[in-house]
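Derivation of every value follows stated rules applied to the coordinates shown; laboratory data play no part. Computed from a predicted structure; not experimentally measured. Using ideal geometry, Cβ is built from the backbone for each residue, glycine included, and neighbour counts are taken over all protein chains shown.
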Amino acid sequence: MKYFVSLFLLIALCSSCMQEQDFNQLEDLSITPTITSSILYMEAAEDQINAVVPGEFYSEDFNFDAFAEGFFAEGVLSGVLTYEIENSTSKTLEIIIELLDENGNVLDTEPILVEPAPPVFIKRVEIAYGPGGRSIDIIKNTSAIRVSAQNLSDDTSVSSESDPKIILRSSGSFKVELE
């Protein structure tokens, strides 16, 4: 009898602690991850830069529909585009980065002046979009990226570095609300 009373008390105690679970609350769940990715990587050797008289030595449009993906375009809240330029050439250069919409219209422009080497010059530029930065609509509507580079120096000087070149790396880090 003592065994049955203990079992009854244990069952009564456990049942009084249990509540019915509401699994519908997952419908209201909102997640805001930060998505980080490389975007562009380009390089040009100094002899390529010298092959063109001073002026524009590079220009190309890159199709970039990643920002237009539904979950991204609908949920992006803010972000930062980072450009890192490494110059081991003897050239002063200007790199111009333009974000374009699907019709080729310029949404945003970032000109970057790059000093010559030596020493090897590294410049980092971060551009914020969203609250406290440029309009997040720029990112939502970007369909292509145009990169152009201009030699502001002569076409004869040569760097003392062993493999002189200009390198452009870019990446993005964005907060995206997922529902």
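Looking for something exposed (fewer than 13 other Cβ atoms within 10 Å of the Cβ), of a type in the set (D, E, K, R) and more than 30 Å from Ile31 (Cβ to Cβ) - is there at least one such residue anywhere in the range 59-74? The answer is yes; a qualifying residue exists. Only one residue in Ser153, Ser148 is closer than 21 Å to Glu46 by Cα, touching a Pro at 6+ places or on another chain (Cβ under 7 Å) and either part of a loop (DSSP other than H, G, I, E, B) or not hydrophobic (A, V, I, L, M, F, W, C) (or both). Which one? On inspection, the qualifying residue turns out to be Ser153.
Taking the range 95-109 as the range and being surrounded by 15 or more Cβ atoms within 10 Å (Cβ to Cβ) and under 24 Å from Pro54 (Cα atoms) as the test, the residues that pass are Ile95, Ile96, Ile97, Glu98.
Counting only strands (runs of 3 or more DSSP E) that sit completely within the range 36-139, those holding 2 or more residues that are touching a helix residue (DSSP H, G or I) at 6+ places or on another chain (Cβ under 8 Å) and either closer than 16 Å to Pro164 by Cα or free of Cβ contacts under 8 Å to residues at least 40 places away in the same chain (or both) correspond to 106-114.
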